[in-house]
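All remarks here apply to the structure that follows.
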Amino acid sequence: MEFNDIISELKKKVYRQVYFLMGEEPYFIDMISDYIEQNVLDESEKEFNQTVLYGRDISAADVIAAAKRFPMMSEYQVIIVKEAQNIRDLVGRDKEGGEKEKSKEKAKHPFEAYVENPQKSTILVICYKYKTIDKRTSTAKAIDKNAVLFDSKKIYDNKVPDWINNYLKGKEYQISPKASALLTEYLGTNLSKISNELDKLMINLPPKSEITIEHIQTNIGISKDYNVFELQTAIGKKEVLKANRIINYFAANEKDHPMVMTISSLYGYFCKLLSYQFLTDKSQKNAASELGVHPFFVGDYERAAKNFSIGKLKAIFGYLREYDLKSKGVDRGSATEGELLKELVFKILH
């Protein structure tokens, strides 16, 4: 099942006996488990019928024993197992520690057997973060057939702005494209961190506001003028003075603007610019789709494409590789990160 389908069912009070929530992105796992923890039972029922277990402290047998109990004066009991990836015997493992298929064995793995015949009055939530089980195993097949098997996958970088927009839309807020891009640039794909920062912003803004880069600077502390996003824009327009001002700021604040992150961001920018150069259909809609950017930014790539030929772009990728190695100590000499960045930007612009 998909995240929205699970939440929709829960809001309708349609409950499954077992939820196996796994995957690299913890945000969606937390959202589902937190909803169940906060909404299935009322406060009077939670004291006796809601239990939170932690994987480091228990075994699969402990989970099954808890799940087989009956609720007290309630229709359901809720068992939430956090850090379940630390339960070594939860899904069955071979001698090397990897998961294995149990279908050829006479006795089924205990958790698999429970999933096939769960306690009807128990809602068991397994939070198996940062990893997944092999979906080819009999245990995974049993979960998929009889329960909810949810794979929480990492969101791609180019999907984060849309996620931010949808998150805010659900709370009746909006965000400008530049503000969304700035947040994405600095917070990456960590959805928990992004949502926390957005929640802080909304506390300090009137309802139904549009979040701008000024709001981000005031409330989060990311400079609206001296950031990688503005550096990319200045380079794309060949605004030498502005680009140098930003680089000087980075040089004076190396801790907040590590060179390796700046180079990574520039590499992504020039990859998109090179892709734009080879597009046969450079319409705003198609270019935005192909580059994975908001249509608002297509004009920036159109202008930059006039300033950087394909030949120059190939040379720039060579500079980026060279200075990435220097940032890691290869043939660096005594130059500081700030000095190396100044050299890199000079070569890019000239």
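Filter region 290-308 for residues that are among the hydroxyl-bearing types (Ser, Thr, Tyr) and either loosely packed, with under 14 Cβ neighbours inside 10 Å or outside the structural domain of residue 237 (by TED's automatic domain parsing) (or both) and give the result. Those that are among the hydroxyl-bearing types (Ser, Thr, Tyr) and either loosely packed, with under 14 Cβ neighbours inside 10 Å or outside the structural domain of residue 237 (by TED's automatic domain parsing) (or both): none in region 290-308.
Tell me, yes or no, whether region 310-320 has at least one residue that is closer than 28 Å to residue 156 by Cβ and assigned to a loop (DSSP other than H, G, I, E, B). No, because not a single residue in region 310-320 is closer than 28 Å to residue 156 by Cβ and assigned to a loop (DSSP other than H, G, I, E, B).
Selection of region 17-52 for residues being buried (at least 18 other Cβ atoms within 10 Å of the Cβ) and over 19 Å from the mean Cα position of the chain (by Cα) yields 17, 18, 19, 20, 36, 40, 41, 45, 49, 50. Taking the stated definitions as given, is residue 276 surrounded by 14 or more Cβ atoms within 10 Å (Cβ to Cβ), more than 30 Å from residue 31 (Cα to Cα), touching a Gly at 6+ places or on another chain (Cβ under 9 Å) and among the aromatic types (Phe, Trp, Tyr)? In short, no.
Annotation for region 154-167: at least one member residue is modelled with pLDDT of 90 or more and among the aromatic types (Phe, Trp, Tyr). Sub-9 Å Cβ pairs linking a first residue in region 127-142 that is closer than 20 Å to residue 54 by Cβ to a second residue that is of a type in the set (Ser, Thr, Tyr) and outside any loop (DSSP other than H, G, I, E, B), at least 6 apart or interchain, are 127/19; 127/33; 133/139, ordered by first then second residue. Taken together, the residues in region 41-65 that are under 27 Å from residue 133 (Cα atoms) and touching a residue at least 24 places away in the same chain (Cβ under 8 Å) amount to 13. Beta carbons closer than 8 Å, at least 6 apart along the sequence or on distinct chains, pair a first residue in region 243-256 that is under 12 Å from residue 336 (Cβ atoms) and in the same structural domain as residue 232 (by TED's automatic domain parsing) with a second that is of a type in the set (Val, Ile, Thr) and not in a helix (DSSP H, G or I) for 251/336; 254/336.
No other residue among 338, 311 is touching a residue at least 24 places away in the same chain (Cβ under 8 Å) and either in the same structural domain as residue 236 (by TED's automatic domain parsing) or in contact with a strand residue (DSSP E or B) (Cβ under 7 Å, 6 or more places away or on another chain) (or both) apart from 338. Test residue 225 against the criterion of being surrounded by fewer than 15 Cβ atoms within 10 Å (Cβ to Cβ) and at pLDDT below 90, and give yes or no. Spelling it out, residue 225 is indeed surrounded by fewer than 15 Cβ atoms within 10 Å (Cβ to Cβ) and at pLDDT below 90.
Determine, yes or no, whether residue 326 is assigned to a helix (DSSP H, G or I) and either touching a residue at least 60 places away in the same chain (Cβ under 8 Å) or loosely packed, with under 14 Cβ neighbours inside 10 Å (or both). Walk me through how you get there before you give the answer.
Values: assigned to a helix (DSSP H, G or I): yes; either touching a residue at least 60 places away in the same chain (Cβ under 8 Å) or loosely packed, with under 14 Cβ neighbours inside 10 Å (or both): no.
No.
Checked against (1) under 28 Å from residue 172 (Cβ atoms); (2) modelled with pLDDT of 95 or more, residue 210 passes all but condition (2). The condition of being among the basic types (Lys, Arg) and within 13 Å of residue 123 (Cβ to Cβ) holds for only one of 11, 46, that being 46.
The values are calculated or read from the model by the stated rules, or taken from the named source; none is laboratory data. Note that the coordinates shown come from a computational prediction; the quantities given were computed from them, not determined experimentally. FYI the Cβ positions are ideal-geometry reconstructions off the backbone, even for glycines, and counts take in every protein chain you see.
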